[in-house]
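Engineer: Shown below is the structure under consideration.
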Amino acid sequence: MIRKAVIPVAGLGTRMLPITKVVPKELLNIIDRPTIEYVVDEIISSEINTLIFIISQGKGGIIDYFDTNLSLRSFLKERNKPELLKKVEEVEEKIKQLIEVRQKVPEGLGHAVLMAERAVENEPFAVVLGDDLVDAETPCLKQMIDVYNLLSNQTQNHSIIAVEEVSKKDIHRYGVIDGERVGDNLIKIKKVVEKPSPEEAPSNLAIIGRYIFDPVIFEFLKKIPKVQGEYQLTDAIQLMINNGYEVYAYLFEGTRFDTGNKEGFFKTVLHYAIKNPALKEVLISFVNERKIC
Ligand code: G1P
């Protein structure tokens, strides 16, 4: 059973500056909801109810967004705004158990995940990055949990990482895996390299921000060295593999968006606009009126 998800949202969002001076990138709106709400929806529809947010200074708005705002509720009641009240309540009631952990110093993704050790309490858990969205019929995390559970019949203490094929020119932005295919969508990982050059990349399979870890990962997160000021999650994954733990890469079904950079954010907005018939109409008329293409 995977009951808990760790959501690291402590990053500074430098690729989205200057807005991220004051607004966490995870709170930027994609049409009608902040990015983080899409991520939370995916987690909740994967039947995980305990969400552990790793935040840092200036990121408290993410917690407040999902927390109960009693004065706003009373204000909307007094002003007789039942529809708005319903909207607010819906968001506030999404997360059954919300845990906030602070990463006091920005020491990388590996360090952020390690901050969750006490809250995770020695059970397998998910890690979901707050700026990677996956639009899929079956939520990406749910697909992974199903594969994780199937594998549990034949092995133990295993972990799963979602991967997708990316082009050579983009490979330097990701953790990249290499291994042996053991199923249609499944690869047993032998090697992971963080942000390799196109020449060094062992394959075109890039890690996206979805992981299911055996809690033994915490032991390895404590052993890895700091590289250029950061503890890399991929280094702990490699150490876990070197010590005989099974880690699988899963080629998920769905479309993934990186909202953490300007181009990716724009594509995400367009994708969700096109999915909405009224907004799709607005977009088509706009393109035609302005003779864009
Ligand atoms: C992180 C991970 C990387 C992974 C990526 C997915 O990098 O370190 O292995 O491929 O997320 O989005 P970041 O984007 O935080 O630099």
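Engineer: Could you tell me whether any residue of segment 280-288 is closer than 18 Å to GLY175 by Cβ, of a type outside the set (S, T, N, Q) and not in a strand (DSSP E or B)?
Structural biologist: no
Engineer: List pairs: first residue in segment 184-213 and closer than 9 Å to ILE171 by Cα and in a loop (DSSP other than H, G, I, E, B), second residue open to solvent by less than 30 Å² (accessible area, probe 1.4 Å) and not aliphatic (A, V, I, L, M) anywhere in the structure, Cβ distance under 8 angstrom, at least six positions apart or on different chains.
Structural biologist: Close Cβ pairs satisfying both conditions: LYS195/TYR174; LYS195/GLY175.
Engineer: Output the residues belonging to segment 76-102 that are loosely packed, with under 15 Cβ neighbours inside 10 Å and not in a helix (DSSP H, G or I).
Structural biologist: Across segment 76-102, the qualifying residues are ARG79, ASN80, LYS81, GLU93, LYS96, GLN97, ARG102.
Engineer: Considering only residues that are closer than 30 Å to GLY183 by Cα and of a type outside the set (Ser, Thr, Tyr), look in segment 252-270 and name the one that is most open to solvent (accessible area, probe 1.4 Å).
Structural biologist: GLU253
Engineer: How many residues does segment 23-52 hold that are in contact with a Gly (Cβ under 8 Å, 6 or more places away or on another chain) and either over 22 Å from LYS267 (Cβ atoms) or open to solvent by less than 20 Å² (accessible area, probe 1.4 Å) (or both)?
Structural biologist: Number of matching residues: 5.
Engineer: Condition first: more than 14 Å from the ligand (Cβ to nearest atom) and assigned to a helix (DSSP H, G or I). Now tell me which residues in segment 218-227 satisfy that.
Structural biologist: PHE218, GLU219, PHE220
Engineer: So in segment 208-223, with the set limited to residues that are open to solvent by less than 10 Å² (accessible area, probe 1.4 Å) and β-branched (Val, Ile, Thr), which one is nearest to GLY130 (Cα to Cα)?
Structural biologist: ILE208
Engineer: Could you list, in sequence order, all residues of segment 160-173 that are away from the ligand (no atom under 14 Å from the Cβ) and closer than 15 Å to ALA236 by Cα?
Structural biologist: Hit for segment 160-173 is ILE160, nothing else.
Engineer: Looking only at residues in segment 230-251 that are more than 13 Å from the ligand (Cβ to nearest atom) and part of a loop (DSSP other than H, G, I, E, B), which one is most open to solvent (accessible area, probe 1.4 Å)?
Structural biologist: Per the stated criteria, the residue is ASN243.
Engineer: Given the condition of a type in the set (Gly, Ala, Ser) and free of Cβ contacts under 8 Å to residues at least 40 places away in the same chain, answer yes or no: does some residue in segment 259-277 qualify?
Structural biologist: Looking through segment 259-277, at least one residue is of a type in the set (Gly, Ala, Ser) and free of Cβ contacts under 8 Å to residues at least 40 places away in the same chain.
Engineer: So in segment 184-205, with the set limited to residues that are closer than 16 Å to HIS158 by Cα and open to solvent by 30 Å² or more (accessible area, probe 1.4 Å), which one is nearest to the ligand (Cβ to nearest atom)?
Structural biologist: LYS191
Engineer: Among the residues of segment 1-18, what is the count of those that are closer than 17 Å to GLY60 by Cβ and open to solvent by 20 Å² or more (accessible area, probe 1.4 Å)?
Structural biologist: So the count comes out to 2.
Engineer: I'm checking my understanding of the structure. Among residues of segment 121-175 that are in a loop (DSSP other than H, G, I, E, B) and of a type in the set (Val, Ile, Thr), which one is surrounded by the most Cβ atoms within 10 Å (Cβ to Cβ)?
Structural biologist: Looking at the filtered set, the residue picked out is VAL166.
The values are calculated or read from the model by the stated rules, or taken from the named source; none is laboratory data. Small disclaimer: the values here were computed from a predicted structure and weren't measured. For neighbour counting, all protein chains shown are included, and Cβ atoms are generated from backbone atoms with ideal geometry for every residue, glycine included. Note: accessible area is taken over every heavy atom of the protein model, side chains too, but ligands, DNA and RNA are not part of it. Shrake-Rupley method; radii C 1.70, N 1.55, O 1.52, S 1.80 Å.
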